[in-house]
1. Based on Cβ point charges of +1 for Lys and Arg and -1 for Asp and Glu, what charge dipole magnitude is obtained for region 288-374 about its Cα centre, in debye rounded to the nearest 20?
2. On the Cα set of region 213-299, report Rg and Dmax in Å, please.
3. Which loop-located chymotrypsin sites (Phe, Trp or Tyr not before Pro) does region 152-195 contain, where loop means any DSSP state but H, G, I, E or B and the Cβ has at most 11 other Cβ atoms within 10 Å?
4. How big is the charge dipole of the chain about its Cα centre, in debye rounded to the nearest 20, if each Lys and Arg gets +1 on its Cβ and each Asp and Glu gets -1 on its Cβ?
5. Given the convex hull of the Cα atoms of the chain, what is a quarter of its surface area in nm²?
6. Region 44-86: D in µm²/s via Stokes-Einstein (Kirkwood Rh, Cα pairs, 37 °C, 0.692 mPa s)?
7. Once you order the gyration tensor axes a ≥ b ≥ c over the Cα atoms, which shape class does region 159-266 get: rounded for a/c under 1.5, otherwise prolate or oblate by comparing a/b with b/c?
8. Could you please state how large a percent of the accessible area of the chain is carbon and sulfur, counting protein chains only and using a 1.4 Å probe?
Amino acid sequence: MPDFSVDRRGALMAAAAAPMLAAAQPAIAQPPPGRDPSGDAPTPDQQRRMKWWHDAKFGMFIHFGLYAAHGRHEWAMEMEAIPVAEYQAFTAGFNPAPGTPRKWAQLAKAAGMKYMVLTSKHHEGFCNWDTKLTNYNAVNFGPKRDVIREYVEAARAEGLHLGFYYSLMDWHHPDGARCQTDPAARRRFVDYTHGLVRELMTNYGKIDILWYDVSWPLDAEGWESEKMNQMVFGLQPDIIVNNRNHLPGDFSTPEQTIKAETGGRAWESCMTLNDSWGFQRADDNWKTPRTVIRNLISCARDGGNYLLNIGPEPDGSIPPESVRILSQVGDWMKTGGQTIYAADPCQVSRSAYANFTRKGNTLYMHVHFWPGTDVSISGLKQKVLSAKILKTGQSATVSQDGFRTHVTGLPAAAPDGPVTTIMLECDGAPVQDTDYVRINKPRAGIGI
């Protein structure tokens with residue numbers, strides 16, 4: 001069995017190793033004023049840094065680690081209480097083929113995604129880069145290559161923004177749990193953690209996103225999260241950071257649900273394509289392309305982003321169902337993307353068979369259950385100047401009576417799929433008031 005002892009490369013001496021690593025780096029510039037947000041309304045600096053992200057709307061999450069070689073869920077080490085020595089053996093089967101990160105990036109681009117976030121270290125503790133703080137990494141074991149570097153180069157080659165996921169929780173490090181009650185262990189583990197994050201922020205050029213995860217077992221004070229973020233901001237002045245290290249960060253991260261923030265705060269809904277983040281060979285509960293598109297529309301409508309996950313197999317290949325689903329989504333995005341990228345928050349939302357996005361005064365009605373030759377919107381307050389099917393350019397007729405906006409002259413069968421979009425040009429920013437309709441629409445007497 002290979003020697004995976006954490007102290008082999010100094011991680012048990014992290015209290016000494018991390019400061020030495022820090023000393024070897026250039027001095028960190030001070031972050032600009034207001035760089036560490038309060039979680040309230042966005043600051044001007046946030047608005048500047050996050051414009052590309054708000055415009056992008058759609059990104060790819062990638063969970064890739066030793067759990068792929070096990071193929072039984074990314075939490076299996078804990079859920080199945082697998083001993084550390086037994087789990088470490090999965091390094092022998094973790095062998096991504098050269099060039100596979102480029103295929104991830106190519107699929108992301110083909111699907112209409114604008115950025116990628118890859119797991120640098122998941123809860124299992126295995127590092128996907130050439131870290132100097134532990135030998136438990138992808139250069140010493142498994143692929144014997146720096147997976148992070150390959151990923152960074154692949155994303156840049158496809159013109160995509162890129163980010164790193166980093167799990168604060170660590171099931172492998174000997175101080176990962178005892179840091180909760182042992183001050184010396186906490187000091188070692190926090191220095192180790194800050195040292196790993198420093199490497200990620202230093203060794204790969206410009207990084208766009210840092211995506212923290214699972215802060216167990218410490219709070220913000222225990223992790224020294226303010227200090228860690230200040231280091232990150234100094235090394236990467238334009239980076240955006242999420243809220244999972246017990247600080248507000250730049251954006252919130254609802255998981256497996258779509259839940260808009262209030263007050264203008266940025267948010268991103270992260271979801272799996274099936275029920276697993278990492279490769280799970282038995283998980284066949286795949287979302288349909290229609291469901292993915294509907295979720296993306298809901299996020300864009302409410303001012304958020306959609307971070308959709310793939311879990312590559314241990315050789316780095318993408319499960320065929322993931323390719324099929326994302327390819328169909330990409331086909332839709334060739335036309336539909338214009339209704340998603342840089343979309344404005346849309347107040348119109350109520351329909352039994354459609355959803356909505358908008359840009360300025362243009363309302364996009366995304367019909368996922370095509371009803372036939374006409375569609376209607378209740379309570380639209382603005383006058384509609386024109387209507388047409390986005391995919392075909394076919395014009396439609398619009399009538400309005402103060403309660404119903406009625407679009408007629410549509411084909412009986414959906415002209416494209418899995419969602420058909422009707423573009424409505426309005427005389428102002430579209431607003432819907434269905435309560436007005438409920439209260440004021442004329443009613444009949446008793447009987448017919």
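1. Magnitude of the dipole: close to 340 debye.
2. Calculated on Cα positions, Rg and Dmax stand at 16.2, 43 Å.
3. When the chymotrypsin sites (Phe, Trp or Tyr not before Pro) of region 152-195 are filtered for loop state and at most 11 Cβ neighbours within 10 Å, nothing remains.
4. Details: 46 positive and 48 negative charges, 273 e Å.
The calculation lands at about 1320 debye.
5. 24.7
6. Details: Rh = 13.6 Å.
Approximately 241 µm²/s, per Stokes-Einstein.
7. Since a/c reaches 1.5 but b/c is at least a/b, the shape of region 159-266 is classed as oblate.
8. Working: 9400 of 17900 Å².
Whole-percent figure for carbon plus sulfur exposure: 53.
The values are calculated or read from the model by the stated rules, or taken from the named source; none is laboratory data. This is a predicted model, so every value here is computed, not measured. Because the Cβ atoms are built from the backbone with ideal geometry, glycine has one as well, and the counts that use them run over all protein chains shown. Heavy atoms of the whole protein, side chains included, go into the accessibility calculation; ligands, DNA and RNA do not. Shrake-Rupley method; radii C 1.70, N 1.55, O 1.52, S 1.80 Å.
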